[in-house]
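What follows is a short report on a single structure.
Derivation of every value follows stated rules applied to the coordinates shown; laboratory data play no part. What you see is a predicted model; the values in this text were computed from it and never measured. Backbone-built Cβ (ideal geometry, glycine too); neighbour counts: all protein chains shown.
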Amino acid sequence: MINKRLLVKNLLAHNDENSFYDKKRFISIGEKEGKAKFLKHVCALANSNPKNNSFIVIGVEDEDNKIVGVDFFDDSKIQNLVNAYLNNPPLISYENIPFPHLPEGKVVGLVTIKSIGKLCTLRKNIWKYYGGSVFFREGSISLPKAYDIELKDINSEVVATIEQHAKNNIELTLDGVVDFINNRHKDLESAYKVFKEQFVICWAGNKKVANGVTYYHRVDIELINEQVKLFYSNLDEVTINFDDDSFTIIEFVHLGLGPKQKYYPLEKVLIKFSNNGTYQITSDLLFNPPKHDKEELKKIYQSNNALVAKIKNSYDLKFSEVKNLKYLADTYLICYLNGFEDAKQHMEKAKNILKPKYPAINSSLKEALRVLRKVKYN
């Protein structure tokens, strides 16, 4: 098993960006330009490494390799994005790697790309890149190349050495469990479970029981062996179930218009462990969005926009407006799910406007946008 935190450190220490790894301060695959650039790099790294893994490390300053982190990103459908835009798409995964010095909720993103051994090309136009384009790495740059260029294996040995040096051991695993329970989450209820005598999952959160069901909120769940966060949220709530072979997380969204809130199951994630030292993660979207009267939502939508504009212009809010602000993310999300497609853009703008004065509302908007991203790729 590879300890992904060690892998990131080894990648950063080994070389500057090159033909088998890239680093980014952040990625923005929610917009067309960011999505296109991400796909270009994935295509180039896959073509430059037909027989070994290649990597993108996210949350690192370009000039000095300083690890600054990014928000937790749990889009399990990133493979769908790659499949939609690339011919001969590589296998791809995005993992959230915790580092001790980073603030709560911040991680390093690790994208692992595994070529299927065939030339990867852009399937259709996106942003300024044309369908049929082929990209390769030249040093730290992803460049377009001729379509019939030959795939060459030049990095297998060096990548194998880096991965070998990132192998996990008992000491790292024990240190990880102790740190998770005693240091990072000493104020929360924590637990761990060992699977197949090899894998250790730790989880922490605040428990509450509603209608006979135990929910956790302020949840952090981590696969300790690989230093990978499986789930993190300060707002959304989950149920946790496990047996000797598997660990199941069902995420719920607490939604409603104003104080009338209800639990809606969002996604089920199943981690299944095998006796041969491997595991599989599968996810299923469970979400059936609530439906509401369009005229009622139109009034709420317009009220939300006016409220954000008032904050932007530094006007004082009435008591009732401060109260409504608490439900801004929920109501914007419900509006979007009921056909108000511009609500997403308003949420993005509101997030930046509210961040300095209302950080809690900013966080709830980020969570709502995370839900939208999951629903969109399904």
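At what distance in nm do the modelled label points of Val178 and Lys318 sit from each other, each positioned 7 Å from its Cα along Cα→Cβ?
Modelled inter-label distance: 5.9 nm.
In whole Å, largest first, what are the principal axis extents of the Cα atoms in segment 170-285?
Principal extents (Cα only, largest first): 49, 30, 22 Å.
Restricting to DSSP H runs of at least four residues, report the calculated mean residue ellipticity at 222 nm for the chain, -39500 (n - 2.57) per run over all residues, nearest 500 deg cm²/dmol.
That comes out to -10000 deg cm²/dmol.
Expected output is a single nm value to one decimal: the length gained when fully extending between Glu171 and Lys114, i.e. 0.36 nm times separation in residues minus the C-alpha distance. What is it?
Going from the current span to full extension adds 17.6 nm.
Neighbour counts of other C-beta atoms within 10 Å: give me Trp127, Trp203 arranged from fewest to most.
The most exposed by this proxy come first: Trp127, Trp203.
As I understand it, the dipole of the chain uses +1 on the Cβ of Lys and Arg and -1 on the Cβ of Asp and Glu, about the Cα centre. Which of Pro144, Ile240, Gly131 lies farthest toward its positive end?
Gly131
Under a point-charge model restricted to the Cβ atoms of Lys and Arg (+1) and Asp and Glu (-1), what is the dipole moment magnitude of segment 294-377 relative to its Cα centre, in debye to the nearest 20?
Charge dipole of segment 294-377: 260 debye, to the nearest 20.
In whole angstrom, how far apart do the alpha carbon centroids of segment 48-125 and segment 209-266 sit?
25 Å
For Lys152 and Tyr192, calculate 0.36 nm times their separation in residues minus their Cα-Cα distance, and state this gained length in nm to one decimal.
So the extension gain works out to 10.0 nm.
With viscosity set to 0.692 mPa s and temperature to 37 °C, compute the Stokes-Einstein D of segment 272-354, Rh being the Kirkwood radius across alpha carbon pairs; µm²/s, no decimals.
218 µm²/s
Using +1 at the Cβ of each Lys and Arg and -1 at the Cβ of each Asp and Glu in the chain, identify which of Ala36, Leu328, Gln198 lies farthest towards the dipole's positive end.
Checking the options against the dipole of the chain, the answer is Leu328.
Where does helix 343-354 land angle-wise versus the long Cα axis of the chain, in degrees 0 to 90, nearest 10?
90 degrees
Work through the residues other than Asn87 whose Cβ is under 9 Å from its Cβ and net out their charges, Lys, Arg +1 and Asp, Glu -1.
+2
Within a Cβ distance under 12 Å of Asp245, other residues only, what is the Lys/Arg minus Asp/Glu net charge?
+1
Using only Cα atoms, find the angle between the long axis of helix 328-337 and the longest principal axis of the chain, and express it within 0 to 90 degrees, rounded to the nearest 10.
Rounded to the nearest ten degrees, it is 70.
What are the ³J(HN,Hα) couplings of segment 254-267, residue after residue, when phi is run through the Karplus curve with 6.51, -1.76, 1.60 and θ = phi - 60°? Round to Hz, x for glycine and proline.
8, 10, x, 8, x, x, 7, 9, 9, 7, 10, x, 9, 8
Quick check of the Kirkwood formula: for the chain, what is the inverse mean of 1/r over all pairs of different Cα atoms, in Å?
Over the chain, the inverse of the mean reciprocal pair distance is 22.4 Å.
For segment 135-220, what D do you get in µm² per second when you plug the Kirkwood radius from alpha-carbon pairs into Stokes-Einstein at 20 °C and 1.002 mPa s?
D, rounded to a whole number, is 121 µm²/s.
What does the C-alpha gyration tensor say about the overall shape of segment 4-164? Classify as rounded when a/c is under 1.5, otherwise prolate if a/b is larger than b/c, or oblate.
Cα axes put segment 4-164 in the oblate bin.
Please rank Asp245, Asp316, fewest neighbouring Cβ atoms within 10 Å first, as an exposure proxy.
Ordered from fewest to most neighbouring Cβ atoms within 10 Å, Asp245, Asp316 come out as Asp316, Asp245.
Among the listed pairs Lys310/Lys366; Lys106/Lys374; Lys37/Lys114; Lys229/Lys323; Lys196/Lys374; Lys4/Lys376, give every one whose C-alpha distance is greater than 25 Å.
From the list (Lys310/Lys366; Lys106/Lys374; Lys37/Lys114; Lys229/Lys323; Lys196/Lys374; Lys4/Lys376), the Cα-Cα distance tops 25 Å for Lys229/Lys323; Lys196/Lys374; Lys4/Lys376.
Could you list which residues have their amide H under 5 Å from that of Leu230, counting only those 5 or more apart in sequence or on another chain, with H placed in the peptide plane?
Ile221, Glu222, Leu223
How do Phe26, Phe135 rank when sorted from fewest to most other Cβ atoms within 10 Å of their own Cβ?
Ordered by Cβ neighbours within 10 Å, fewest first: Phe26, Phe135.
Quick one: give the max-minus-min coordinate of the C-alpha atoms of segment 309-348 along each principal axis, largest first, in Å.
So the extents along the principal axes, rounded to whole Å, are 31, 19, 11.
Under 10 °C and 1.306 mPa s, how fast does segment 104-156 diffuse according to Stokes-Einstein, given a Kirkwood radius computed over C-alpha pairs? Answer in µm²/s, whole number.
Taking Rh from Cα pairs, D becomes 117 µm²/s.
Arg25: net charge of surrounding residues, Cβ under 14 Å, Lys/Arg +1, Asp/Glu -1, itself excluded?
Local net charge: -2.
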